[in-house]
Amino acid sequence: MVRRDQTLKTIGDISPLVENPYVMDLLQELSRERTKFLHKDIGIESVQQMEDSKQAIEVVKILAGQAGVVTQINAREGNFVTPSTTLFTLANVSKVWVDITLYPDQAGRVQNGDAVTIKTPDGQEIKTKLDFVNPLAENNKINARVTLNNTNLRLRPGSFVDVTIHAQPHEALVLPRSSVIHTGQGDLVILSRGEGHFLPVNIETGIESGDWIEVVDGLLEGAEVAVNGQFLLDAASSLQDAAQRMQESHKHQ
């Protein structure tokens, strides 16, 4: 519509000539030629310059389809290009996606429309909602997405941000984050056996929220564990050796 209006404006007032078929044919041909140039993203200013000078333009200004930031330049002086050649790659950063990676157990707790808090690198918080949760997993991970207006360039594409998804609450057995020891063989806690004796116990963890970690399997409600179990392990020993020594020590008491 914009290009059509620009073309009509350049034709001017032709009312005195509307009854001359020859003139009308010329005007229609002119309109078709101008439209052809405009469809090739050549601005109306360049078309008017050619019409006024009656000469070809050696350097033609090609207009991008929309404004953006140039992320790649393939055009070099003297290159031969075809209509399929990509000369420039532009990115529109006024609207960005925030990609969130979820594990299957986490994805089961979230859904489209859940509240999301995004913390930017400069410490600001953005409140929004989850737009999309991919129903298909890739490499045992599920992607979710948030779309944000970025007119003030608070977020730069390619950077990392902290994302908190406020999913629907549910009852769960939880432990302080500091009590869970992460190892190559899985997660474990140091279980109190009473009278100063402790035992490493493998557990299966779920989602994490703040300073708390959900326990899916391996512990019963009411079990006592060390809040910080790291100091109980000998750095020179394996976890299996530590568990065996603790069990033997308990038997000898």
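The values are calculated or read from the model by the stated rules, or taken from the named source; none is laboratory data. What you see is a predicted model, and the numbers here were worked out from it, not measured in a lab. For neighbour counting, all protein chains shown are included, and Cβ atoms are generated from backbone atoms with ideal geometry for every residue, glycine included.
Would it be correct to say that Thr128 is in a strand (DSSP E or B) and either exposed (fewer than 10 other Cβ atoms within 10 Å of the Cβ) or at pLDDT below 90 (or both)? Step through it out loud before you land on a result.
Numbers: in a strand (DSSP E or B): yes; either exposed (fewer than 10 other Cβ atoms within 10 Å of the Cβ) or at pLDDT below 90 (or both): no.
Considered against the rule, which asks whether it is in a strand (DSSP E or B) and either exposed (fewer than 10 other Cβ atoms within 10 Å of the Cβ) or at pLDDT below 90 (or both), Thr128 comes out as no.
Taking Leu155 as the residue in question, decide whether it is under 29 Å from the mean Cα position of the chain (by Cα) and either modelled with pLDDT of 80 or more or closer than 30 Å to Phe132 by Cα (or both).
Values: under 29 Å from the mean Cα position of the chain (by Cα): yes; either modelled with pLDDT of 80 or more or closer than 30 Å to Phe132 by Cα (or both): yes.
Against the criterion (under 29 Å from the mean Cα position of the chain (by Cα) and either modelled with pLDDT of 80 or more or closer than 30 Å to Phe132 by Cα (or both)), Leu155 qualifies.
So which residues in segment 135-155 are more than 25 Å from Tyr103 (Cβ to Cβ) and either in contact with a Ser or Thr (Cβ under 9 Å, 6 or more places away or on another chain) or surrounded by 12 or more Cβ atoms within 10 Å (Cβ to Cβ) (or both), if there are any at all?
First, pick out the residues of segment 135-155 that are more than 25 Å from Tyr103 (Cβ to Cβ): 149-154.
Residues satisfying the conditions are Asn149, Asn150, Thr151, Leu153, Arg154.
So Glu214 clears everything in (1) crowded, with 16+ Cβ neighbours inside 10 Å; (2) modelled with pLDDT under 85 except one condition, right? Which one?
(2)
Quick check: anything in segment 228-246 within 30 Å of Ala167 (Cα to Cα) and either at pLDDT 70 or above or not assigned by TED's automatic domain parsing to the domain that holds Gln106 (or both)?
In the first step, residues of segment 228-246 are kept if they are within 30 Å of Ala167 (Cα to Cα); the result is 228-229.
So of that shortlist, the ones also either at pLDDT 70 or above or not assigned by TED's automatic domain parsing to the domain that holds Gln106 (or both) come out as 228-229.
The answer is yes; a qualifying residue exists.
So how many residues does segment 47-83 have that are more than 29 Å from Ser94 (Cα to Cα) and of a type outside the set (Lys, Arg)? Full working, then the answer.
Step one: of segment 47-83, the residues more than 29 Å from Ser94 (Cα to Cα) are 47-59, 77-82.
Cutting the leftovers down to of a type outside the set (Lys, Arg) gives us 47-53, 55-59, 77-82.
Total satisfying the criteria: 18.
Of the residues Val81, Val93, Val59, Val70, only one is closer than 21 Å to Pro157 by Cα, exposed (fewer than 12 other Cβ atoms within 10 Å of the Cβ) and not hydroxyl-bearing (Ser, Thr, Tyr); which?
On the way: Val81 fails: closer than 21 Å to Pro157 by Cα; Val93 fails: exposed (fewer than 12 other Cβ atoms within 10 Å of the Cβ); Val59 fails: closer than 21 Å to Pro157 by Cα.
After ruling out the rest, the residue left standing is Val70.
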